[in-house]
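What follows is a single structure, written as structure tokens, with notes after it.
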Amino acid sequence: MKSYILTLLFLSMGIVSYKETNYAGTNHLANENINSNKIILNVTKSYWYTSTLQATKLTFGHVNLIVAGETNAEKVTVQTKGDGVIGEYPLKLRNGKFCDTIQISFTHDITLPYNSAPFYSTTTLKAYLQSDVLETILTSDPLNY
């Protein structure tokens, strides 16, 4: 959350520039999960891409995910990894369907040599129905900044 507020502040002040890259990202379809308590989580689209944010002398790298699907759950969340703090971002459900774009993680300085190699990203989707939880893991194809 801190990074979103700072990003908006810096963008409005003209201190940073933002660009999306790697739109040849990963697009996975039709990942259906049903647990023994009949929670259904059908992921119809997961599209991974990276973006960069230039702020003063640092270039931040973001891993983003567009995810869509349907569920019978009351709540669906996506795990985020922000600035080292793991959190859960709730997806907006409309008549059992969801479609959202989420920043999964960011890296402080992608110009460092160890940030130049292709990498994978993962996240966990959780579907909640009453006291039951169904989890599914989404993994990208190789990404780069």
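Looking at segment 81-130, which of its residues are over 19 Å from Ala68 (Cα atoms), in contact (Cβ under 8 Å) with a residue 60 or more places away in the chain and part of a loop (DSSP other than H, G, I, E, B)? Gly82, Asp83, listed by residue number.
Looking only at segment 33-80, how many residues end up being among the charged types (D, E, K, R), over 19 Å from Ser121 (Cβ atoms) and at pLDDT 90 or above? Spell out the reasoning first.
Here is the first cut: in segment 33-80, the ones among the charged types (D, E, K, R) are 38, 45, 57, 70, 74-75.
Narrowing the set further to residues that are over 19 Å from Ser121 (Cβ atoms) leaves 38, 57, 70, 74-75.
Checking the rest, the ones that are also at pLDDT 90 or above come to 70, 74-75.
Looking only at that region, the number is 3.
Taking segment 112-135 as the range and being surrounded by 17 or more Cβ atoms within 10 Å (Cβ to Cβ) and modelled with pLDDT under 90 as the test, only Ser121 passes. Number of residues in segment 91-106 that are under 26 Å from Asn144 (Cα atoms) and either of a type in the set (D, E, K, R) or at pLDDT 90 or above (or both) equals 5. The set of residues in segment 47-82 that are of a type in the set (Val, Ile, Thr) and farther than 13 Å from Asp100 by Cα comprises Thr50, Thr52, Thr56, Thr59, Val63, Thr71, Thr80. Scanning segment 125-138 for residues that are farther than 12 Å from Val43 by Cβ and of a type in the set (Val, Ile, Thr) returns a single hit, Val133.
Could you tell me whether Gly84 is of a type in the set (Gly, Ala, Ser) and under 16 Å from Ile40 (Cα atoms)?
Details: of a type in the set (Gly, Ala, Ser): yes; under 16 Å from Ile40 (Cα atoms): no.
Answer is no for this residue.
Looking at segment 88-102, is at least one residue surrounded by 18 or more Cβ atoms within 10 Å (Cβ to Cβ) and over 30 Å from Thr56 (Cβ atoms)? Yes. Are any residues in segment 83-94 of a type outside the set (A, V, I, L, M, F, W, C) and either in contact with a Gly (Cβ under 7 Å, 6 or more places away or on another chain) or at negative phi (or both), and if so, which ones? Once the filter is applied, which keeps residues that are of a type outside the set (A, V, I, L, M, F, W, C) and either in contact with a Gly (Cβ under 7 Å, 6 or more places away or on another chain) or at negative phi (or both), segment 83-94 yields Asp83, Gly87, Glu88, Tyr89, Pro90, Lys92, Arg94. For Asp109, the conditions (1) modelled with pLDDT of 90 or more; (2) of a type in the set (Asp, Glu); (3) more than 19 Å from Ile40 (Cα to Cα) are fulfilled apart from (1).
The values are calculated or read from the model by the stated rules, or taken from the named source; none is laboratory data. Computed from a prediction, not measured in an experiment: that's the story for all the values here. Glycine also receives a Cβ, built like all others from the backbone with ideal geometry; neighbour counts cover every protein chain displayed.
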